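One structure is given below, encoded as C-alpha cells.
The values are calculated or read from the model by the stated rules, or taken from the named source; none is laboratory data. Just so it is clear, the structure is predicted and the values come from calculations on it, not from any experiment. Here the Cβ positions follow ideal geometry from the backbone for every residue, glycine too, while neighbour counts run over all protein chains shown.
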Amino acid sequence: MAAQPRLIIFSGAGLSAESGLPTFRGDNGLWEGVPIRQVCHIETWRENFRAVHDFYDARRVAEARAEPNAGHHAIASWQQAWPGRVVILTQNIDTLLERAGCTDVIHLHGGIRGLHCMACENEWEIKAVPYDQSGCPACGSRTDVKPAVVFFGEMAPRYDDLHNIVRSLRRQDTAIVVGTSGVVLPADRLFAHSPAHSILVNLKPADQMDEEAFTERLYGPATKHLPALTAALRERMG
Ligand code: NAD
Ligand code: ZN
C-alpha cells in the first residue's frame, strides 16, 4: 500500500506581511530600514551589540502586537484536518503560526522570543518585551548573549530536518512554498525540483527562483490563496 500523502509547508516573511510584519526589501537587503549585515551577521554582531539587541527587541514587541492572518489560520486548519501528515517549516522568527494553533513548527532560523548564550550554549525564552540585559541565567555572561535567531554565517541546526524532509518527498506529497523570495534558501531547488506536487504562493513573480519548475504558481496575497487551496488539498490528501 502506498504511504499516505503528506503536506509540507515552507513559509517565509511574505506569510506574515499581511499581519503587518514587513519582509526584506531592497537589493542590499534592508529589514525595517536597517542593513541586514549590521544586525544579522555572525561576524559583526558583537561590534553592533547594542544595535542588534535594539533591533530584535523592537521586532519582538512588534510581532507580539501582530495577529495571525487567514494564511496562518488556513495552515493550522490543515494540520488539524490531517493529523501527523502535515509538516510545517518556516524561515520566520515570529510566533504567528503557533498563535494560529499550529504545533511542532520547525523554525529554520530560530525564534524572536529566544536568547542564546554564545559562551555556554544555553538557550532560553523571554517574554514579549525588550531584553533587560541581565545576562545568561546559566553562566552570567552579559556580552555573549545573542538573539536566538540564526544569523548569516552561522550554523542553522534545523537545516538537517529540512534536508531530511526534502529527501523524503514522494509524488503523492504536496509542498506549498509561500511568501519567500528564495534568496536565503533556494525553495525552487528544494521543493520544485522534487517528486512532490509543488505550489508556489507569492505576491508577484520574481527572478531569483526557477518559478516555472513549480507544478502550480499562484501570485497574489497569501491570505487569499492559502484558504482557497483547502478544497484541492482535500482531494490530494485523501
Ligand atoms: P523575503 O523578504 O526575502 O521575501 C518575501 C517574499 O514574500 C517575496 O517573494 C514577496 O513576493 C512575498 N510576499 C510579500 N507579501 C506577500 C503576501 N502578502 N502574500 C504572499 N507573498 C508575499 O522573505 P524570506 O524569503 O522569508 O527571507 C527573509 C528572511 O528574513 C528569512 O530568513 C526570515 O528569517 C527573516 N524575516 C523574518 C520575518 C518574520 O519572521 N516575520 C520578517 C522579515 C524577515
Ligand atoms: Zn551562558
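Using the structure shown, decide if Thr95 is away from ligand 2 (no atom under 16 Å from the Cβ), under 19 Å from the mean Cα position of the chain (by Cα) and surrounded by 15 or more Cβ atoms within 10 Å (Cβ to Cβ). Yes; evaluated as a whole, the condition is true for this residue.
The set of residues in the range 22-35 that are part of a loop (DSSP other than H, G, I, E, B) and near ligand 1 (Cβ under 9 Å from one of its atoms) comprises Pro22, Thr23, Phe24, Gly29, Glu32.
Condition check ((1) surrounded by fewer than 17 Cβ atoms within 10 Å (Cβ to Cβ); (2) outside any loop (DSSP other than H, G, I, E, B); (3) not assigned by TED's automatic domain parsing to the domain that holds Ile126) across all residues:
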| site | (1), (2), (3) |
| --- | --- |
| Ser16 | no, yes, yes |
| Arg37 | yes, yes, no |
| Glu47 | yes, no, no |
| Tyr56 | no, yes, no |
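Going through (1) of a type in the set (Lys, Arg); (2) surrounded by 15 or more Cβ atoms within 10 Å (Cβ to Cβ); (3) at pLDDT below 95 one by one, Arg60 falls short only on (3).
Look through the range 175-219, keep the residues that are among the polar types (S, T, N, Q) and near ligand 1 (Cβ under 10 Å from one of its atoms), and return whichever of them is nearest to the chain's Cα centre (by Cα). Among those that are among the polar types (S, T, N, Q) and near ligand 1 (Cβ under 10 Å from one of its atoms), it is Thr180.
Checking each residue in the range 146-182 for being touching a residue at least 60 places away in the same chain (Cβ under 8 Å), basic (Lys, Arg) and either within 16 Å of ligand 2 (Cβ to nearest atom) or under 30 Å from Met118 (Cβ atoms) (or both) picks out only Lys146.
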